[in-house]
Each structure stands twice: as C-alpha cells, then as structure tokens.
Amino acid sequence: MPRFAANISMLFADLPFLDRVDAAAKAGFPGIECMFPYHVEAEALSDRLLAFGKPLVLMNAPPGDYANGERGLAALPGREMEFRDSFQVALQYAGAVDCAQIHVMAGKVAEDDIPAALDALTGNLAYAADEADAAGVRVLVEPILMDDYLIQRPDQALEIIQQVDRKNLRLQYDLYHAQMTQGGLTAFLENNLDVIAHIQVAGVPDRHEPDQLGEVNWRYIFDLLDSHGYPGWVGAEYVPRGDTLTGLGWAKDWAIGKR
C-alpha cells in the first residue's frame, strides 16, 4: 500500500503552518512533507510532529531569494559558498526535526550560462551529498517544469545523478512534472525505481487532486508501485480545487480523508 505524505506547504493552506500538521494527521496521512519550513522554529515543528507521531519525510534546502524569483542556488556559478552555507542550515534543521531527505533545487539559469551552471551543480551536489551522508541524510534532485529551470526532464536528472555518483544522491520523481515534460511514466518507474527515493503526485494538467478528472490513471500508478515493492513515500503535492478535506476522495481507499 502506498505511504502517502501530505505536503503541508500546499494542503490545508487555510490554516497556520504548524496547525497543518494536526490537520494532516487527523485526516489520516501517515507522513508529512513540506517545501521550506525555515519560517518556524525547528523545535516547534518537531514538537508538533512528535505529538502526532508523524515523520517529516522531505524538505527543501533554502532556495535563495525566493521573493525575487530565485528557485535554488546549486547551479548558480560564483555562489558556491552561499549554497554550501545554506545547505548547512538545511542539514541543521533536518537534524532537529529528524528529516532524512533534503531536496536541493538547482535554480534558474540563462541558456548561455548552462555549461558553467552544470559544473557548479555537479560540484555542489557532490559537496551536499558528502555532508549529508555523514548525517545519514539523502540528497534529492527533482526535475521541475519551470521557465529557465536547469533540470526539467527526468532523464536530465538521471544524467546528473550518475555523473556525481554518490550513494545517497537520488531522484525525486514528481509525476506531475514528469508527465508534463517527458511522459512515459510506467516505463520510467519500472526502469528506475532503484534510483527513485521519493515520488510526488498531482493531477495533470491542472495540478489539482490526483483523481479521475485528469489524464493520469492514478489507481494504475499506485498499483504499479505496489507490484514493484516501492518502499518510499508518495507526497501529495497539489493545489486543492477547494477545501483540502473535501478533495480527499481520491485517497479514501487508503483510509485518508477522515474527519
């Protein structure tokens, strides 16, 4: 049975951030994930997670100047020290909340800067993976459909992971982004589950609930993961059409959506 984690950066967004842990736990989600938790004290988040017995299974490293459009530092040449300092912040926070996976965002890069950006990215990912390994943490790379984002396709991410060659550097496979950019979800899953450490889902093409109103057969995908013994988490990272609880009909077969 898939292990679903509620992404509290997107679900239950009408509630204060820490209260979303409570709501997700009461709705039946076995795990919690989020994008950037740094606006709350790590101890406060840890206490809330412990109160409900839920693990934080994924968080992102700091993205740089998010308000001004930055979406990661790892591929930005000349800012290696800034990335490494920010990754240490992520490692410290992850240790405080017992989170074993950190997603490192590559960043937005102009086309002319791509060769230098790839060099910066591989060096920074090697650094991050080595630092994280000592702490028992995985570093994840996610291809993201976004203008100017350096890694947009799953096959690009695989090439980077293979090049860096660290045992704790793995793929975060978001099926929404993957379907929008590359497709072939079944073949990719079957051929690469040894590299995939985390999966995320959202309806295609509108990024709402992963239900029958989009183009992906989610029951087939979840059964496929079960048939191959996928041991990781499946993050529910989508924008609800309305109230989060009302939209959880897609998850009723896994005892999620209780009031």
- Task: Report, in debye and to the nearest 20, how large the dipole of the chain comes out about its Cα centre when Lys and Arg carry +1 and Asp and Glu carry -1 on their Cβ.
- Result: 860
- Cα-based helix-to-principal-axis angle, 42-52 vs the chain, degrees rounded to 10: 30
- Message: Are there any trypsin sites (Lys or Arg not before Pro) in the range 135-228 that are in a DSSP loop and have at most 15 other Cβ atoms within 10 Å? List them by number.
- Response: LYS167
- Query: What ranking, highest mean first, results for peptides 151-158, 6-13, 64-71 when packing means the other Cβ atoms within 10 Å averaged over each residue?
  - Reply: 6-13, 151-158, 64-71
- Residues PHE36, PHE83, sorted so that the one with the fewest Cβ neighbours within 10 Å comes first: PHE36, PHE83
- Just the number, please: Stokes-Einstein D of the range 180-224 in µm²/s, Kirkwood Rh from C-alpha pairs, 20 °C, 1.002 mPa s. 188
- Message: I need GLU33, GLU215 ordered by Cβ neighbour count within 10 Å, fewest first.
- Response: GLU215, GLU33
- Message: Pick from LEU121, LEU50, LEU145 the residue whose mean-square fluctuation is largest in a GNM of the chain, springs joining Cα atoms under 10 Å.
- Response: LEU50
- Quick one: order HIS208, HIS228 by neighbouring beta-carbon count within 10 Å, fewest to most. HIS228, HIS208
- Task: Mind scanning LYS26/LYS252; LYS54/LYS108; LYS54/LYS252 and naming the pairs with a C-alpha gap bigger than 22 Å?
- Result: LYS54/LYS108
- Percent relative contact order of the chain, based on C-alpha pairs within less than 8 angstrom and at least six residues apart? 19
- For the chain, with a Gaussian network of springs between Cα atoms less than 10 Å apart, report the residue from ALA128, ALA197, ALA27 with the top mean-square fluctuation. ALA27
- Query: In units of 2.2 N^0.38 Å, what is the alpha-carbon radius of gyration of the chain?
  - Reply: 0.96
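Laboratory data are not the source of any read-out in this text; all were calculated from the coordinates shown. Everything numeric here is computed off the predicted structure, so don't read it as measured data. Please note: Cβ atoms are built from the backbone with ideal geometry, for glycine as well, and neighbour counts cover all protein chains shown.
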